[in-house]
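Shown next, in structure tokens, is the structure this report addresses.
Laboratory data are not the source of any read-out in this text; all were calculated from the coordinates shown. Bear in mind the structure is a predicted one, so any value in this text is a computation, not a measurement. We place every Cβ from the backbone using ideal geometry, glycine too, and count neighbours over all the protein chains shown.
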Amino acid sequence: MTTLGLIGAGHSGGTLAKLALAAGYDVVLSNSRGPHTLTDLVDQLGDGARAGTVEEAAAAGDVVVVTIPLKNYREVPVEPLVGKVVVDTNNYYPQRDGQIAELDDESTTVSELLQAHLPQSHVVKAFNNIHFTTLETLARPSGDPERTTLPIAGDDPVAKKTVTQLLDDLGYDTLDAGPLSEGWRYQRDTAAYGLYAGPGGMAEARRRGADEVRAELDKAKRYRDM
Ligand SMILES: NC(=O)c1ccc[n+]([C@@H]2O[C@H](COP(=O)([O-])OP(=O)(O)OC[C@H]3O[C@@H](n4cnc5c(N)ncnc54)[C@H](OP(=O)(O)O)[C@@H]3O)[C@@H](O)[C@H]2O)c1
């Protein structure tokens, strides 16, 4: 894999781009306003980074990350992502995203919504439960004893393997949390959400290993039971 496509180039997308470039990937960034608005970010990121339209980023990526406000998920182009592995970082914040009935009644989950929108892609949920600053701070090379573990969820084992490799390249070990329908275990307001924040809050990094992540996933409660 050599190119990471990014749909969304904000806090999360920009940080993932930086980590991917450090790992030797090329990145193609995109946003809603068009590539001309990404010139400064691309310059800052340096060699290997370029901006494109959303369709270009989707087409260019060997793996494509969707990292936008959830309310806009239906704008993600379907056709260029057919057959691809799509990483979903998104979270549901009703005050930002408006009320989404299927999430409010918990008949589905955030990443299953994206999967339903992209029926011929292989969606894997990752990175949603770590703050972007912490994501940069805690990245460590493979084999480092201080490595942090992040959960992933997805329905396609091959796609999960690909994403495990991506996380390894970016600086993280992976814990398989199960199918997409189990992704709620690290959604907003669960114990595993923001697990990597220190006592001073989200921006303060705290390493977590696989056992700690598993324990928090096991403890997770649905919103209706909170
Ligand atoms: N911030 C974090 O630490 C963090 C951590 C984990 C997960 N998340 C989740 O990841 C997602 C992104 O968060 P963020 O903090 O990176 O948001 P952000 O800083 O507000 O950036 C959002 C990005 O999405 C782009 N965008 C919006 N609508 C789009 C569309 N229809 N097509 C293409 N690009 C679009 C925006 O581009 P324009 O400016 O051109 O509209 C912007 O580049 C959210 O769901 C968030 O909850 C965030």
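Per residue, the average separation of C-alpha pairs within less than 8 Å and at least 6 apart gives region 73-226 a relative contact order of 24 percent.
Between residue 116 and residue 226, the modelled labels are 2.1 nm apart [label points 7 Å from Cα along Cα→Cβ].
Distance between the pseudo-spin-label points of residue 82 and residue 39 (7 Å out from Cα toward the beta carbon): 3.6 nm.
For the residue pairs 160/219; 84/160; 125/161; 18/219; 71/160; 125/219, the C-alpha atoms sit more than 21 angstrom apart in 160/219; 18/219; 71/160. Using just its DSSP H runs of length 4 or more, each adding -39500 (n - 2.57), the chain gives a mean residue ellipticity at 222 nm of -8500 deg cm²/dmol after division by all residues. If both residues of a DSSP beta bridge must be in the chain, then about 15% of such bridges are antiparallel. For region 173-226, the list of trypsin sites (Lys or Arg not before Pro) that fall in a loop by DSSP and count at most 13 other C-beta atoms within 10 angstrom reads 221, 222. Each Lys and Arg contributes +1 and each Asp and Glu -1, all at the Cβ; summed about the Cα centre of region 151-226, the dipole is approximately 280 debye. Rounded to the nearest whole angstrom, the semi-axes of the ellipsoid equivalent to region 1-47, taken from the Cα gyration tensor as √(5λ), stand at 16, 11, 9, largest first.
Rg over Rh for the chain works out to 0.94, using Cα positions for both radii and the Kirkwood form for Rh.
Between 18, 125, 161, find the one with the highest GNM mean-square fluctuation for the chain; connect C-alpha pairs within less than 10 Å. Result for the chain, Cα springs under 10 Å: 161 fluctuates most. Once both labels are positioned 7 Å from their Cα atoms along Cα-to-Cβ, the gap between residue 191 and residue 75 label points is 3.8 nm.
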